[in-house]
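The values are calculated or read from the model by the stated rules, or taken from the named source; none is laboratory data. Since this is a predicted model, take the numbers as computed values, not measurements. Glycine also receives a Cβ, built like all others from the backbone with ideal geometry; neighbour counts cover every protein chain displayed. To get the accessible areas, we keep the full protein, side chains included, count just its heavy atoms, and leave off ligands, DNA and RNA. Shrake-Rupley method; radii C 1.70, N 1.55, O 1.52, S 1.80 Å.
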Amino acid sequence: MKTFGNVVNVFRVLVKGHLSSGMTVLDATSGNGHDTLFLLDLVGENGFVYAFDYQSTAIEATATRCMHNGVLPTNLKLICDSHANLDQYIESETLDAAVFNLGYLPGGDKAITTKVESTAAAIEKALMALKSGGLLYILCYAGHPSGVEEYRYLQLKLSALPQRTFDVMTVDFINQAGKPPVMWVIEKK
Ligand SMILES: C[S@@+](CC[C@H](N)C(=O)[O-])C[C@H]1O[C@@H](n2cnc3c(N)ncnc32)[C@H](O)[C@@H]1O
C-alpha cells in the first residue's frame with residue numbers, strides 16, 4: 001500500500017501529525033463530508049469543526065456523513081454560505097487548522113466550482129483566523145479552467161506571503177502524467 005501517491009494522502013498524513021483532541025478547525029469546502037468527518041474524528045468531542053459549503057446538497061451530504069445514530073455532533077457547525085464570508089462566523093486567531101479542498105463537488109455539477117475571487121478572499125480571511133502555529137492546507141486541481149486560474153493566482157500570491165509571518169510549502173507530484181492536484185501548506189508563525 002502507498003503512503004503517499006497523491007496529495008490527498010499526503011494531506012491526511014500531515015493533518016494526523018498536527019491535529020489533536022480539543023483543537024478548532026475549518027473545512028472551507030465540505031462537499032460530500034469526507035474531510036469534515038476526518039477532521040471531526042481527529043479533534044474529538046472536545047474540539048470544534050466549522051464546515052462551509054455554498055451548495056445545500058453538499059451541506060446535506062456532509063450532515064448525513066457526520067451523523068452519529070441520526071444525531072449531528074454538537075461540536076460541528078455546518079454553514080451554507082460562501083467561505084468568502086467566513087469572518088462573519090469565525091473570530092481572528094481561533095483556528096488550529098483550515099482546509100480548502102478546491103474544485104467541484106465529486107458526483108455533482110462540474111460547473112459549480114470554487115472560483116478564484118472567492119477563494120482569494122476566503123484564504124486571506126482564513127490566514128487571519130489562524131492561530132500562531134496553525135496550518136492552512138489548500139488542495140488545488142489545475143485540470144479544469146477555474147482550477148487553472150486558482151493555481152496561477154495562488155502560486156503567485158502564496159509565494160509573496162511575508163516570510164517573517166508564514167512558511168509556505170508546495171506538495172507537487174512532478175513525475176505524474178496529466179495535471180495532478182497540488183497542495184500548499186502554510187504555517188503561521
Ligand atoms: C472538491 S469539493 C470538496 C470535497 C470535500 N472536502 C469532501 O471531502 O468531499 C469542493 C466543494 O467546494 C464547494 N464550493 C465552491 N465554491 C464555494 C464557496 N465559495 N464557498 C464554499 N464552498 C464552495 C463546492 O460546492 C464543492 O462542494
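Structure above, values below:
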{"item": "Set of lysines with alpha-carbon distance to residue 188 below 30 Å, sequence-local pairs under 8 removed", "result": "2, 16, 77, 115, 125, 131, 157, 179"}
{"item": "Helical segments meeting 18 Å axial Cα length and Kyte-Doolittle -0.5 threshold in the chain (DSSP H)", "result": "116-129"}
{"item": "Top positive-direction residue, dipole computed over the chain with Cβ charges, set 75, 97, 153", "result": "153"}
{"item": "Where labels lie 7 Å past Cα in the beta-carbon direction, separation of residue 4 and residue 92 in nm", "result": "3.6"}
{"item": "Estimated inter-spin distance, residue 132 and residue 169, nm [label 7 Å along Cα→Cβ]", "result": "2.1"}
{"item": "Candidates 19, 39, 161: whichever shows maximal mean-square fluctuation once the chain is modelled as a Gaussian network with Cα springs under 10 Å", "result": "161"}
{"item": "Neighbour net charge for residue 86 - beta-carbon separation under 13 angstrom, K R +1, D E -1", "result": "-4"}
{"item": "GNM flexibility winner over the chain from 110, 16, 125 (Cα, springs under 10 Å)", "result": "110"}
{"item": "Kirkwood hydrodynamic radius (C-alpha pairs) into Stokes-Einstein, the chain, 4 °C and 1.567 mPa s, D in µm²/s", "result": "78"}
{"item": "13 Å beta-carbon shell around residue 29, net charge (K/R +1, D/E -1)", "result": "-4"}
{"item": "For segment 1-72, size of Cβ-based charge dipole, Lys and Arg +1, Asp and Glu -1, in debye", "result": "300"}
{"item": "Total charge dipole magnitude, segment 119-189, about the Cα centre, Cβ charges on Lys, Arg, Asp, Glu only, Debye to nearest 20", "result": "220"}
{"item": "Whole-number percent relative contact order across segment 7-188, with pairs defined as alpha carbons under 8 Å at least 6 apart", "result": "20"}
{"item": "Carbon and sulfur %, accessible surface of the chain computed with the full protein complex present, 1.4 Å", "result": "53"}
{"item": "Within-13-Å neighbourhood charge of residue 140 [Cβ basis; K, R +1; D, E -1]", "result": "+1"}
{"item": "Whole-number accessible area per residue in Å² for the chain, which is evaluated in the context of all protein chains at 1.4 Å", "result": "51"}
{"item": "Simple Cβ-charge dipole of segment 7-188, Lys/Arg +1 and Asp/Glu -1, about Cα centre, in debye nearest 20", "result": "340"}
